[in-house]
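Enquirer: Before I ask anything, here is the structure I am working with.
The values are calculated or read from the model by the stated rules, or taken from the named source; none is laboratory data. Quick caveat, the model's predicted, so the values are computed rather than measured. Here the Cβ positions follow ideal geometry from the backbone for every residue, glycine too, while neighbour counts run over all protein chains shown. Quick note on the areas: whole protein, heavy atoms, side chains included, nothing else; ligands and nucleic acids left out. Shrake-Rupley method; radii C 1.70, N 1.55, O 1.52, S 1.80 Å.
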Amino acid sequence: MAYVRVLVEAKQYERAAEQAQSITQRFPTHAEAWLLLGSLQYEQGLDKQADASLQTYIGLASKTPSENTQRGIVQAQSRRASILAKQGKLKEARLLISQLPAKNEEDIRNRLMAELQLLREYRQWQAAFDLLSQYAGDDLDLLYEQAMIAEKLDRVEEMEKLLRTVISKEPSHFNAYNALGFSLADRNIRLNEAKELIVKALTLSPGDPFITDSLGWVEFRLGNLNQALVLLEKAFKDRA
């Protein structure tokens, strides 16, 4: 298993899959090997084989429930759901995730995030927004996610309202300041306010290349081309 992981890190996925398959043949009850094999087959686009391997993993992992196996089952079912979605069976894919066992708040959240990731992957923005409307409550991270999806739906007023809610409840949430400032700059409106928001974000997260990029963009919108160029070059150097 260690050797397989080394091959994965070296991006030698085909050899890694061969080794993982060898392990499952020699040790057919080794659950983790089936999960690794199924994941590698999934990445290679071998959907039928991946689904079979992941189902085998779920069957084995369910016999010895633990925190680790629960995480693995979520991962396996998420990939199986993605395979269904690729086949145009999004409804069945969402049902598969919704049937994941959830014994506590963390399990419920993991299940929610798995379904949300699936909807994002297939650009089902309205369904993702509705899902978050149902579950977000006072969870600031989920409200932030909902704001980002509202922007995808071109519901900018709703996006702004959600981001301001996040900021009011957590004044140190630099991503919310940055997202709101960037959105204003991108739409070329209220540029001075946009700059204030982004500068605040950068104060809370100094040197963040994504926020530096946003500041460069708002300086460009304001016509400060030299300053914009300096900031954008710095952002690119820090995170090409």
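Enquirer: Could you work out the per residue convex hull volume over the alpha carbons of region 92-240, in cubic angstrom? Write out the running numbers ahead of the final one.
Expert: Values: hull volume 18.4 nm³, N = 149.
So the per-residue hull volume is 124 Å³.
Enquirer: Moving on. What does the accessible area per residue of the chain come to in Å², with a 1.4 Å probe and no ligands, DNA or RNA counted? Can you show the working numbers first?
Expert: Numbers: 13580 Å² over 240 residues.
Here the per-residue accessible area is 57 Å².
Enquirer: Counting pairwise Cα distances across region 1-153, what percent come out greater than 18 angstrom? Each step should come with its number before you reach the end.
Expert: Working: 7101 of 11628 pairs.
In whole percent, the long-distance tail amounts to 61.
Enquirer: What is the calculated FRET efficiency for Ile108 to Ser172, with r their C-beta to C-beta distance and R₀ = 25 Å, to the nearest 0.05? Present the calculation step by step, with values, prior to reporting the outcome.
Expert: Numbers: r = 26 Å, r/R0 = 1.04.
Result of the calculation: an efficiency of 0.45.
Enquirer: Still on this structure, please answer the following. Show me, for region 226-240, the HN-Hα J-couplings you get by feeding each phi into the Karplus relation (A = 6.51, B = -1.76, C = 1.60, θ = phi - 60°), rounded to Hz, glycine and proline as x.
Expert: Once θ is set to phi - 60°, the couplings for region 226-240 become 5, 5, 4, 5, 4, 5, 5, 5, 5, 4, 5, 5, 6, 8, 4 Hz.
Enquirer: Here is a further query. Once the piece of chain linking Asn192 and Ser66 is laid out straight, how much longer is it, given 0.36 nm per residue of separation minus the C-alpha distance between them?
Expert: Values: separation 126, 0.36 × 126 = 45.36 nm, distance 5.21 nm.
In short, 40.1 nm is gained.
Enquirer: Right, here's the next one. DSSP loop trypsin sites (Lys or Arg not before Pro) in region 44-102 with at most 12 other Cβ atoms within 10 Å of their Cβ, which ones? Please report the intermediate quantities before stating the final value.
Expert: Details: sites: Lys48, Lys63, Arg71, Arg79, Arg80, Lys86, Lys89, Lys91, Arg94; in loops: Lys63, Lys89.
Those that pass, being in a loop and sparsely packed, are Lys63.
Enquirer: What's the local net charge at Ala194, with K and R +1, D and E -1, over the other residues with C-beta under 15 Å away? Mind showing how you got there, number by number?
Expert: Details: positive: Arg164, Arg187, Arg190, Lys195, Lys200, Arg221; negative: Glu151, Glu160, Asp186, Glu193, Glu196, Asp213, Glu219.
Residues near Ala194 contribute -1 overall.
Enquirer: Under a Cβ-Cβ cut-off of 13 Å, what is the net charge of the residues other than Trp34 that fall near it, where Lys and Arg count +1 and Asp and Glu count -1? It would help to have the intermediate numbers written out before the result.
Expert: Values: positive: Arg26, Lys63, Arg79, Arg80; negative: Glu32, Asp51.
Surrounding charge for Trp34 is +2.
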